[in-house]
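Inspection log for the structure reproduced underneath, given as structure tokens.
Any read-out appearing in this document is the output of simple, stated calculations on the displayed coordinates, not a laboratory observation. Worth saying up front: this structure is predicted, and the values here are computed from it rather than measured. Please note: Cβ atoms are built from the backbone with ideal geometry, for glycine as well, and neighbour counts cover all protein chains shown.
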Amino acid sequence: MTLKSELPKSRGKVIPQAEWRIAQIDDMLSALDFFLNPNAENPGWNWSKHIYQTYPELEERLRRLSGTAARRKAERAFFEEVLVVEHAGLEKSLEQYRREWGKLNDGIMRALEEVVQTKWSEKDRKISALVSPLPLCPRYLDSRTFLINYRFSPSGAVATSIHEILHFIYFKKWKEIFPEAKREEFDSPHLVWKLSEMVPSIVLGDPCVQAVFKCDFKSHEIYHHTTIDGRPLLSRLQEIFDERTDFADFLKKSWKFVNENKEDIP
Ligand SMILES: [Zn+2]
């Protein structure tokens with residue numbers, strides 16, 4: 001018989017598991033709505049061109065329609081058809097990604113805890129990784145869900161998955177450091193969200209992540225080309241990261257830095 005007090009400390013510890021499946025139409029609609037109907041106040045973040053590059057015939061179809069309801073109906077019908085036509089490719093990628101990810105899941109989850117310096121919580125236990133025909137990879141913070149473009153190589157899918165999963169633990173940490181933060185700030189177009197899209201190439205470059213999956217991780221493309229006072233934005237943040245006393249220190253100092261320079265940040 002084992003007494004409760006003798007149970008190993010690791011008991012009850014959450015190691016999230018990414019569960020892979022093919023995205024259904026309902027998993028894609030809110031992302032489509034966001035991507036295809038860009039916010040007029042943020043023209044720099046218009047993602048519709050990425051969708052239209054992959055599906056030029058969709059742009060044709062939508063051009064002839066007026067009104068949100070008609071557009072949404074057409075978007076739904078279009079991607080219902082895409083899911084059928086591209087089913088074999090989606091299935092093939094699903095199997096590859098699931099196999100590659102399975103080798104890394106636990107190691108990555110532990111490495112993210114180590115670098116971000118917080119623990120996964122009960123609500124993180126299941127993460128949904130959805131293989132989708134969309135050329136963009138949105139994440140849904142509240143449901144711990146993200147979409148992966150099925151055209152990616154298996155290692156590309158793994159790299160993007162790690163980037164998305166970082167967001168989940170990163171915002172948990174953020175809330176611990178800045179308890180007054182509001183939920184909406186974790187999404188576009190808020191500065192808190194923008195910073196979260198700058199840091200992946202830096203945070204995931206940490207040796208504890210690299211030891212599990214060696215990769216040149218990317219932040220959002222736009223930030224790889226952003227300069228502040230003539231110096232690359234990401235180099236400035238990398239310095240703050242390298243000189244951090246702990247992860248909280250990195251968050252506080254990088255938050256201060258982006259606030260001081262928000263006029264120059266797209
Ligand atoms: Zn991201």
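Some observations on this one:
- Filter pass, S132 being of a type in the set (S, T, N, Q), touching a residue at least 24 places away in the same chain (Cβ under 8 Å), in contact with a helix residue (DSSP H, G or I) (Cβ under 9 Å, 6 or more places away or on another chain) and under 27 Å from K252 (Cβ atoms): no
- Identity of the residue in the stretch 110-138, of a type in the set (S, T, Y) and buried (at least 16 other Cβ atoms within 10 Å of the Cβ), that ends up farthest from I22 (Cα to Cα): T118
- The one condition in (1) within 16 Å of the ligand (Cβ to nearest atom); (2) over 22 Å from D33 (Cβ atoms); (3) in a loop (DSSP other than H, G, I, E, B) that P189 fails to fulfil: (2)
- Cβ-Cβ under 7 Å pairs, at least 6 apart or on other chains, the stretch 149-170 side under 24 Å from L83 (Cβ atoms) and assigned to a helix (DSSP H, G or I), far side among the charged types (D, E, K, R) and within 13 Å of the ligand (Cβ to nearest atom): E164/R139
- Qualifying residue in the stretch 221-230 (condition: of a type in the set (S, T, N, Q) and part of a strand (DSSP E or B)): yes
- The condition of being part of a helix (DSSP H, G or I) and surrounded by 15 or more Cβ atoms within 10 Å (Cβ to Cβ) holds for only one of G102, G107, that being G107.
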